[in-house]
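Worksheet for the structure shown next.
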Amino acid sequence: MHIETLKTFCDLVETGSFSKAAALNFVSQSAVSQQIKTLERRFEMPIIERGQRNKVAPTEAGKLLYSEFKEIVERFNALESRLRANSEVVSGTIRVATVYSIGLHELPPHVKALMKAYPQVRVHVEYSRADKVYEACLNNTIDFGIVALPLKMPNLAVIPMRNDKLVVVCNPDHPLAHKRKKISIRQLAGAEFIAFERDIPTRKTIDQLLKRHQVAVNYAMEFDNIETIKRSVEVGVGLSILPETAVVNEVRSGLLVSMEFTEGTFTRAIGIIHRKGKVFSVAAREFIRLLTANQS
């Protein structure tokens, strides 16, 4: 059984397509099909089943094989990278999944810095809800995820990245925006509030913050991503509490006003999550080093 066969099978599971797996491995679709049949003969059971529109998915046995094969392929690639580290440039593709507020506003400078330092490295970023990022990490379909308020889970490891300062944001015409640089959290009592959906970690933190200071707000709208929240605040539907880094451009252009809290600095933790036992490539390790270089 060749390492190329294991990689082809992993690519087939991840893409759900024989043609895409073939393209990734520079072989024909028939060659991919033959490799899968070879694996099925070896283990004497089906490992792939076809679904609608020719999409393929692993059987239960295939899922188990994928989990183990993926680790073998990664270990082989990491070993190869270490052997070549002193003689070749850092290269390869890094797969990262993250939530919108981080991926759109905090990640781009780090990606640019990495690609400037290592031009042959490519970073593939997926934007998703937090639960999907955790799922991708556990399924080993990405190198690592970046989330707010990382959860402790048995099969996941967390690398602290930084802390995000939270601020109150509102439309420039909002009564609380007039000539204020700081605001007491108690002044939000009774305000129309634009929030994240209830199952999103940042929402839970903000709810706890309001509860701790005995502040009740009127939840006017709830969304699953920060961009929609900002647009709603811009048009005056209500105010919100958001990461300062995510509203820099809107504040600079005058679309939003941001205010710190007189009670002190409230933050949310940002962390890098990955499956325990994950073997990182040289490129992935360098990216993590850049991401954690200046923790705050």
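Values in this text are rule-based calculations from the coordinates and carry no lab data. Small disclaimer: the values here were computed from a predicted structure and weren't measured. Positions of Cβ are backbone-derived with ideal geometry, glycine not excepted, and every protein chain shown enters the neighbour counts.
For the chain, the share of DSSP beta bridges that are antiparallel, to the nearest 5, is 55%. Each of 123, 247 was scored by other Cβ atoms within 10 Å of its Cβ. Listed from fewest to most, they are 123, 247.
In deg cm²/dmol and to the nearest 500, what is the mean residue ellipticity at 222 nm of the chain if only DSSP H runs of at least 4 residues count, each as -39500 (n - 2.57), divided by the residue total? It would help to have the intermediate numbers written out before the result.
Values: 11 runs with 123 residues, N = 296.
So the helix-based figure for the chain works out to -12500 deg cm²/dmol.
Of the trypsin sites (Lys or Arg not before Pro) in region 173-228, the ones in a loop by DSSP (not H, G, I, E or B) with at most 11 other beta carbons within 10 Å are 179, 181, 198.
With neighbours defined as other Cβ atoms within 10 Å of a residue's Cβ, the residues 292, 5 order from fewest to most as 292, 5.
Suppose R0 equals 35 Å; then what is the FRET efficiency for residue 67 and residue 158 from their Cβ-Cβ distance, rounded to the nearest 0.05?
Values: r = 21 Å, r/R0 = 0.59.
So the FRET efficiency works out to roughly 0.95.
Across region 162-269, the mean sequence separation of Cα contacts (distance under 8 Å, 6 or more residues apart), normalised by length, yields a relative contact order of 50 percent. Take the Cα radius of gyration of region 1-87 and divide it by 2.2 N^0.38 Å, N being the number of residues; the result is 1.13.
Pairs from the list 63/204; 55/276; 132/152; 112/152; 116/230 with a Cα-Cα gap above 23 Å: 63/204; 55/276; 112/152; 116/230. The mean sequence separation of alpha-carbon pairs under 8 Å and at least six residues apart, normalised by the residue count of the chain, gives a relative contact order of 23 percent.
With a ≥ b ≥ c taken as the square roots of the eigenvalues of the C-alpha gyration tensor of region 162-269, please select rounded if a/c is under 1.5 and otherwise prolate if a/b is larger than b/c or oblate if it is not?
Details: a/c = 1.20, a/b = 1.13, b/c = 1.07.
Rounded.
If you rank 162, 75 by fewest surrounding Cβ atoms within 10 Å, what's the result? Spell out each step's value before the answer.
Working: 162 18, 75 13.
Listing 162, 75 from fewest to most nearby Cβ atoms yields 75, 162.
From the list [x] 22.2; [y] 21.6; [z] 19.6, can you say which value of Kirkwood radius over Cα pairs in Å was derived from the structure given? It is the one labelled [y]. Subtracting the Cα-Cα distance of residue 269 and residue 50 from their residue separation scaled by 0.36 nm leaves 74.7 nm. Contact order for region 1-87, expressed relative to its length and based on alpha carbon pairs under 8 Å spaced 6+ residues apart, stands at 28 percent.
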